[in-house]
Amino acid sequence: MRLILLGPPGAGKGTQAEELVKRLGVPQISTGDILRGAVKQGTPVGLKAKLYMDAGDLVPDDVIIGVVKERLMSPDCGNGYIFDGMPRTINQAEALDEQGVVIDAALSIEVPDEEILRRLGGRRTCPECGAVYHVVTKPPLAPGICDACGAALITRKDDDPDTISNRLMTYHKETEPLKAYYKSQGKLITVNGVGSVGETVAATLDALGIA
Ligand code: AMP
């Protein structure tokens, strides 16, 4: 199964991807996670990406296409994968097509902007293991501390209010046109992402025909 998860930042792509990884046994490919790893390690890709990420802008297509090409060569991608946050531009989608990547479906998780602003404002992330919490909807057991590894939680730089608005604008301008792109290929599936995590998981599995 090769899947693309589409949706604005904060729609819950990462959460849905985690659930699908468990059900399908294929890896999640999150370009955001790969880039954050590169930033943390101070690699050339990380140094280049950081400026764009901190501003809430998209990292240039050539960087992303290179990173993804390398990731797809790993043996664990043999049976499929779930793209989370990739492609984000028509150029990136065309690059996947040109590389011969045939996807089964592009699943768009639909969430209105007001809800995204509410969600991302309360998001807290573990800088060590990447676990994600929300001060209201998914608080950690001890305030400010990661349940999984005990590290102090942070607000991602790109989750500050100005950056969130910029990321949303970028989503509508650059990424949302991908819905039409995959619709024209007969691959677009949409699900309502406004309900609880459990409801959205159920809607996702149902839409993909996974029991
Ligand atoms: P995410 O965790 O998916 O929200 O990604 C965090 C940031 O990484 C984004 O705001 C972009 O700056 C960058 N990024 C992640 N994936 C891509 C992509 N496919 N194309 C361009 N930039 C990306």
Can you name the condition, by its number, that Glu128 falls short on among (1) under 29 Å from Asn192 (Cβ atoms); (2) open to solvent by 40 Å² or more (accessible area, probe 1.4 Å); (3) modelled with pLDDT of 90 or more; (4) charged (D, E, K, R)? (1)
Qualifying positions in the range 71-105 - free of Cβ contacts under 8 Å to residues at least 12 places away in the same chain and within 16 Å of Lys187 (Cα to Cα): Glu94, Asp97, Gly100
Read through the list (1) more than 19 Å from Gly198 (Cα to Cα); (2) open to solvent by 20 Å² or more (accessible area, probe 1.4 Å); (3) within 13 Å of the ligand (Cβ to nearest atom); (4) not hydrophobic (A, V, I, L, M, F, W, C), then give the number of the only condition that Arg119 fails. (1)
Do you know which of the residues in the range 49-70 that are free of Cβ contacts under 8 Å to residues at least 24 places away in the same chain and within 11 Å of the ligand (Cβ to nearest atom) is least open to solvent (accessible area, probe 1.4 Å)? Ala49
Which members of the range 21-48 meet the condition of being open to solvent by 30 Å² or more (accessible area, probe 1.4 Å) and more than 24 Å from Thr163 (Cβ to Cβ)? Val21, Lys22, Arg23, Leu24, Gly25
Close pairs from the range 147-175: first more than 11 Å from the ligand (Cβ to nearest atom), partner of a type in the set (Asp, Glu) and part of a strand (DSSP E or B), Cβ under 7 Å, at least 6 apart: none
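Would you confirm whether any residue within the range 108-115 is more than 28 Å from Glu94 (Cβ to Cβ) and surrounded by 14 or more Cβ atoms within 10 Å (Cβ to Cβ)? Full working, then the answer.
Narrowing the range 108-115 to residues more than 28 Å from Glu94 (Cβ to Cβ): 112, 114-115.
Cutting the leftovers down to surrounded by 14 or more Cβ atoms within 10 Å (Cβ to Cβ) gives us 115.
Yes: the range 108-115 contains one or more residues that are more than 28 Å from Glu94 (Cβ to Cβ) and surrounded by 14 or more Cβ atoms within 10 Å (Cβ to Cβ).
The values are calculated or read from the model by the stated rules, or taken from the named source; none is laboratory data. From a predicted model like this one, the values you see are computed outputs, not experimental measurements. All Cβ positions, even for glycine, are placed from backbone atoms using ideal geometry, and neighbour counts span all protein chains on display. Each accessible area value is taken on the protein alone, full model and side chains, heavy atoms only, with ligands, DNA and RNA left out. Shrake-Rupley method; radii C 1.70, N 1.55, O 1.52, S 1.80 Å.
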